[in-house]
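The values are calculated or read from the model by the stated rules, or taken from the named source; none is laboratory data. Everything quoted here is computed from the prediction, not taken from an experiment. Methodologically, a virtual Cβ is constructed for each residue, glycine included, from the backbone with ideal geometry; neighbour enumeration extends over all protein chains shown. Please note that ligands, DNA and RNA were not included when accessible areas were found on the heavy atoms of the full protein model with its side chains. Shrake-Rupley method; radii C 1.70, N 1.55, O 1.52, S 1.80 Å.
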Amino acid sequence: MSHKSNSLKQLALQKFKKDFWGVFSFYFIVLVGLVSIFAYVFAPDDSQYANQMHLAIHSKRPGFEVKMLTIPSKIKVNQSGFDKLFFGKKNTDTEIPISDYEIKDAILMYKEYASDGLEGAEKTVKLNAFPNSTPEDFIKEKSFLFGTDKYGRDLISRVLVGARISFFIGFVAVLISLLIGIFMGSIAGYFGGKVDAIIMWIINVTWSIPTLLLVIAITLALGKGFWQVFIAVGLTMWVEVARVVRGQIISAKEMQYVTAARALGFNDFRIITKHILPNIMAPVIVISAANFAAAILIESGLSFLGIGAQPPMASWGAMIKDHYNYIILGKPYLAIIPGLCIMSLVMAFMLIGNALRDALDVKS
């Protein structure tokens, strides 16, 4: 009789694959991750932070189309392909939305776009200044799939670029929380006594301070900015990891395999890192998924309050802040679209956390 043995990792993976919402969330998170890394490849507006403004076409509906006149700049910008790919193009060209144009004697006459029944100004451009060029090189039909925001920026481009902050803040915050939380929880749980009492006092003091208030205090101390928010959020989430690790190690250190490791003369560092931690990582992985979702919500709240990512940097929370009053002005999609992005990404991490909890449950 053939006997097939599977490792615990393989059994957990097989169980995870049977969870439809867990697998769906995993692929969704991977998709958002790829979009956030290569945002400027997918974004129609590939300028830095997708910050190309056209005030004449502000707050336009999804699917809005307009003729766009691009006047090349004589300023040359030296920018590497790597910089353009990951940080956007430094755009020095002038883009002007127009409603009509005419060419006479190498002179381009155009009328600027104006909404609400207004007449746009009529201006001219000499085509002689740009030899070997045709009008088609300057004028193109531009479409805005999600419409434009109140500054006339392409909304879908801002959403794609804004995914980068929400996604990466989860990674950085979880990484910081794991490094500090596992270290503090391991020491407290393994050694106990006064060490445990001191670390638990630090944990309880940190836990007693409201998370948002603590993040605001750290952000103000470090200054407003991109990386400051990442660090601030990470420094507030380690207490949950530390408490879980401490509790798991208190139970695990009395197990027979730990006693055997001590009898073999292994030092405390090896016992913790090689024997105990690998056996207690299941609940840590689950809480990391929850912390990932919480970090996204905290960053969105900070950006909404104006102390998160600063303009012109795109952030879903900042986009909601800029447009929440449009909900009652007949254009709710300006705030609803980034809100749905936050909700879907947070829900994906919560669903994958639940799937991992079920898959890593040894009792089942």
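For the reader, a short list of remarks on this structure follows.
- Surface analysis of the chain yields an accessible area of 55 Å² per residue, using protein heavy atoms and a 1.4 Å probe.
- In the complete set of protein chains, residue-level accessible area for Met53 is approximately 90 Å², probe 1.4 angstrom.
- Ordered by solvent-accessible area of protein heavy atoms (1.4 Å probe), largest first, the residues Phe38, Phe191 come out as Phe191, Phe38.
- Between 0 and 90°, nearest 10: helix 333-359 axis offset from the chain longest Cα axis: 20
- Exposure check, 1.4 Å probe, all protein chains in place: Asp268 carries approximately 60 Å² of accessible surface.
- Computed from Cα atoms, the angle from the helix 211-222 axis to the main principal axis of the chain rounds to 70 degrees.
- Spacing of the two label points (7 Å from each Cα toward its C-beta) at Ile103 and Lys140, in nm: 1.7
- Taking Cβ atoms as reference points and 9 Å as the exclusive limit, the residues near Met68 contribute a net charge of +1, counting Lys and Arg as +1 and Asp and Glu as -1.
- Accessible area in the full protein assembly, largest first, 1.4 Å probe, for Thr92, Thr219: Thr92, Thr219
- Full-extension gain in nm, Ala221 to Asp268, via 0.36 nm per residue minus C-alpha separation: 13.2 nm
- Checking the cross-link pairs Lys60/Lys90; Lys76/Lys331; Lys90/Lys224; Lys194/Lys253; Lys74/Lys123 against a 28 Å limit on the alpha carbon distance flags Lys76/Lys331 as lying beyond it.
- Carbon plus sulfur fraction of accessible area for segment 256-364, probe 1.4 Å, in percent: 68
- Counting protein heavy atoms only, segment 121-219 has 69 percent of its accessible area on carbon and sulfur, 1.4 angstrom probe.
- Ranked packing of 176-182, 340-346, 194-200, 240-246, most packed first, by mean Cβ within 10 Å: 240-246, 176-182, 340-346, 194-200
- In the context of the full protein assembly, Lys274 retains an accessible surface of approximately 140 Å², using a probe radius of 1.4 Å and ignoring ligands and nucleic acids.
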